[in-house]
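Here the structure comes first, spelled out in structure tokens, and everything after it is commentary.
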């Protein structure tokens, strides 16, 4: 089961949920896009198109960055890894082909760069939980002591694979990126070794608990990176990039119209199946939109929402689909 978000009423599988928090669990990330950028100007191109500092990455290092439109709207959130002779980009689910096309379209005639959609030739899975590293070690996968946002090329049963340490719901976590055949063998070995496979609903619960936006919900052309709590994927000291002027102006003036917040709800509301799920109100006035909703084993009914700044303070009481809700900081905490 892949990690594509669902809009249905979402409950976690208890066994998989506990495994992700206290043991080891994995989920297929095949639907994420994987894109190679090669040749001399690969870093320069991505640097001028996205929010973070790409040109200073050294082989083995990685970072998150956001592709934005000229009016600073979110095209996609990427994770970028620098290798000796290439950049490896991981996109949101279903976005590999679109991002490949976007990068090619925005390269200059004198740019020396090759962009290749590798979504079909490289598979990907994500391994979560405090026992994830020891489980990989027992299976003979090296490189589990990586710092966050780092990547290493290693082997398993003589097959090459990339192991990346990446902050995810249910930390610590690893991305394993490899051709589909050896990756399927590794997934089978993980099951035998005791790792639980996450279903999409359980992944969705972990994602919302961690306050991480999903493409098509919290991340879309409707929103700006500063609104979407993506400050960690942005540099405010680098040079110009697409959308930089608007983002810099918003940052310097501190004038966000809305921001991403968590909601604790008194009960599961009756929701539509499309996003945004429902309107948030205060005294019968619309003040935001609920974008994701799950039922958490730890926190009960919770959601992610864009809330107008005037109503975004933790502790603010709102209503969504006739259900009382309280604004909270992200990530969710006991």
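Any read-out appearing in this document is the output of simple, stated calculations on the displayed coordinates, not a laboratory observation. These numbers were taken from a predicted model, which means no experiment stands behind them. All Cβ positions, even for glycine, are placed from backbone atoms using ideal geometry, and neighbour counts span all protein chains on display.
Values as computed for the structure displayed
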| quantity | calculated |
| --- | --- |
| Net length gained if the chain between residue 18 and residue 86 were fully extended (0.36 nm per residue, minus Cα distance) | 20.7 nm |
| Estimated distance in nm for a label pair at residue 138 and residue 188, the labels positioned 7 Å out from Cα along Cα-to-Cβ | 1.9 nm |
| Per residue, the convex hull volume that the Cα atoms of the chain enclose (Å³) | 125 Å³ |
| Pairwise centroid distance, computed over Cα atoms, of segment 230-271 with segment 141-162, Å | 33 Å |
| Footprinting exposure proxy for 186, 146, 290 (fewest neighbouring C-beta atoms within 10 Å first) | 146, 186, 290 |
| Per-pair calculated FRET efficiency, R0 = 25 Å: residue 251 and residue 111 via Cβ, rounded to 0.05 | 0.30 |
| Length gained when the stretch residue 145-residue 121 is fully extended (0.36 nm per residue, less Cα-Cα span) | 6.0 nm |
| 255, 298, 34 arranged by Cβ crowding within 10 Å, fewest neighbours leading | 255, 298, 34 |
| Packing-based exposure ordering (other Cβ within 10 Å, fewest first) of 289, 176 | 289, 176 |
| Pairs of alpha carbons in segment 14-206 whose separation is greater than 27 Å (percent) | 28 percent |
| Rg over Rh, two decimals, segment 146-291 (C-alpha only, Kirkwood Rh) | 1.05 |
| Estimated [θ] at 222 nm from DSSP helical runs (n ≥ 4, -39500 (n - 2.57)) normalised by residues in the chain, nearest 500 | -6000 deg cm²/dmol |
